[in-house]
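S.K.: Below are the structure tokens for one structure; questions will follow.
The values are calculated or read from the model by the stated rules, or taken from the named source; none is laboratory data. In this text the structure is predicted, and so the values were computed from the model without any measurement. All Cβ positions, even for glycine, are placed from backbone atoms using ideal geometry, and neighbour counts span all protein chains on display. We work out accessible area using only protein heavy atoms, side chains counted, and drop any ligands, DNA or RNA first. Shrake-Rupley method; radii C 1.70, N 1.55, O 1.52, S 1.80 Å.
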Amino acid sequence: MNTQTLCARCGSTIHKELPASVNVRVAPEKKAAVLSGELFLAECPVCGQRQLLTFPFLYHDPDAQLMVWLGADEATRARASSVLSSSPEMQDYRIRLVDSPGELIEKIKIFDAGLSDIALELCKFVTAREAGEPLTLKFLAIDSAEAALHFASPKDGKMEVLAVGLNVYEDCCGILARNPALEENAKGPVQIDQAWLAKFFD
Ligand SMILES: [Zn+2]
């Protein structure tokens, strides 16, 4: 799909060829461009400004039985639903909706690390509550040596790395096991974030 957008700095038109989807079994070489965000970046030919584009896009990892759809609007939700009902083996898939490239990248990192994104959102919720302030956390990686999860956390215009003990994550898995309604609700296309979680814990 060829698209055009306006440069946020100088107003020039930026043309960019955008893929509708990436299947990482078919094209494993494209995964790095997704994870680095390069796939979503458009560069202005006049002033060099780089900006992130949000467009309808599907990340598909058949080996992980994972689909992440960028564009959490009704049209995307409907397309994801029709894919889900298209064959019985899709029932075992995790189908997630996100509304920014950053969230898409985070989902891939979470599932690549073998974690549950629901338990991870619980982990963010618990961490913010203990800190006594609203935190915007994005999962980065597991640090096995430190037995911790690392999150990116913006503070005073800078990005800090916040370490949360793996024991907190394990406690959240326990909460998840005691609240089966969460997993039930996550079958089918769903946007799992703090707003989703708040529907269960308020
Ligand atoms: Zn420009």
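S.K.: Restricting attention to region 132-172, report how many residues are closer than 18 Å to Phe201 by Cα and of a type in the set (A, V, I, L, M, F, W, C).
M.R.: So the count comes out to 3.
S.K.: Restricted to region 48-82, and to residues that are polar (S, T, N, Q) and more than 20 Å from Lys187 (Cβ to Cβ), which residue is modelled with the highest pLDDT? Outline the logic, then answer.
M.R.: Restricting attention to region 48-82, the residues satisfying the condition of being polar (S, T, N, Q) are 49, 51, 54, 65, 76, 81-82.
After this cut, where a residue has to be more than 20 Å from Lys187 (Cβ to Cβ) as well, the list is 49, 51, 54.
Numbers: Gln49: 95, Gln51: 91, Thr54: 82.
If we take residues in region 48-82 being polar (S, T, N, Q) and more than 20 Å from Lys187 (Cβ to Cβ), then Gln49 is modelled with the highest pLDDT.
To keep it simple, each residue is scored yes or no on (1) among the aromatic types (Phe, Trp, Tyr); (2) open to solvent by less than 40 Å² (accessible area, probe 1.4 Å); (3) touching a residue at least 40 places away in the same chain (Cβ under 8 Å).
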residue: Pro56; (1), (2), (3): no, no, no
residue: Asp63; (1), (2), (3): no, no, no
residue: Leu66; (1), (2), (3): no, yes, yes
residue: Trp69; (1), (2), (3): yes, yes, yes
residue: Ala75; (1), (2), (3): no, no, no
residue: Pro88; (1), (2), (3): no, no, no
residue: Pro101; (1), (2), (3): no, yes, yes
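S.K.: Taking the condition surrounded by 11 or more Cβ atoms within 10 Å (Cβ to Cβ), of a type in the set (Val, Ile, Thr) and under 23 Å from Pro189 (Cα atoms), does Ile142 pass?
M.R.: Details: surrounded by 11 or more Cβ atoms within 10 Å (Cβ to Cβ): yes; of a type in the set (Val, Ile, Thr): yes; under 23 Å from Pro189 (Cα atoms): no.
In short, no.
S.K.: What are the residues in region 7-18 that are open to solvent by 30 Å² or more (accessible area, probe 1.4 Å), touching a strand residue (DSSP E or B) at 6+ places or on another chain (Cβ under 6 Å) and within 16 Å of the ligand (Cβ to nearest atom), if any?
M.R.: Listed by number, the residues that qualify are Ala8, Thr13, His15, Lys16.
S.K.: Filter region 19-52 down to the residues that are within 14 Å of the ligand (Cβ to nearest atom) and either open to solvent by 80 Å² or more (accessible area, probe 1.4 Å) or of a type in the set (A, V, I, L, M) (or both), then identify the one that is nearest to the chain's Cα centre (by Cα). Walk me through how you get there before you give the answer.
M.R.: To start, the set of residues in region 19-52 that are within 14 Å of the ligand (Cβ to nearest atom) comprises 41-51.
Subset that is either open to solvent by 80 Å² or more (accessible area, probe 1.4 Å) or of a type in the set (A, V, I, L, M) (or both): 41-43, 45-46, 50.
On the way: Leu41: 17, Ala42: 20, Glu43: 23, Pro45: 29, Val46: 31, Arg50: 21 Å.
Among those residues, the one meeting the criterion is Leu41.
S.K.: If Ala186 meets every condition in (1) free of Cβ contacts under 8 Å to residues at least 40 places away in the same chain; (2) within 23 Å of Leu84 (Cβ to Cβ) apart from one, which number is that one?
M.R.: It fails just one condition, (1).
S.K.: Tell me, please, whether a residue that is part of a loop (DSSP other than H, G, I, E, B) and free of Cβ contacts under 8 Å to residues at least 60 places away in the same chain can be found in region 121-130.
M.R.: no
S.K.: Oh, and also: Test of understanding: among Glu121, Glu130, which residue is among the acidic types (Asp, Glu), closer than 22 Å to Gly174 by Cα, in contact with a helix residue (DSSP H, G or I) (Cβ under 8 Å, 6 or more places away or on another chain) and modelled with pLDDT of 90 or more? Write out each step before concluding.
M.R.: Values: Glu130 fails: in contact with a helix residue (DSSP H, G or I) (Cβ under 8 Å, 6 or more places away or on another chain).
Only one candidate qualifies: Glu121.
S.K.: Then there is this: Within region 144-183, track down each residue that is among the β-branched types (Val, Ile, Thr) and in contact (Cβ under 8 Å) with a residue 24 or more places away in the chain.
M.R.: Of all residues in region 144-183, those among the β-branched types (Val, Ile, Thr) come to 161, 164, 168, 175.
Val164, Val168, Ile175 - these are the residues of region 144-183 that are among the β-branched types (Val, Ile, Thr) and in contact (Cβ under 8 Å) with a residue 24 or more places away in the chain.
S.K.: Determine whether region 183-201 contains at least one residue that is over 19 Å from the mean Cα position of the chain (by Cα) and under 15 Å from Val126 (Cβ atoms).
M.R.: Yes: one or more hits.
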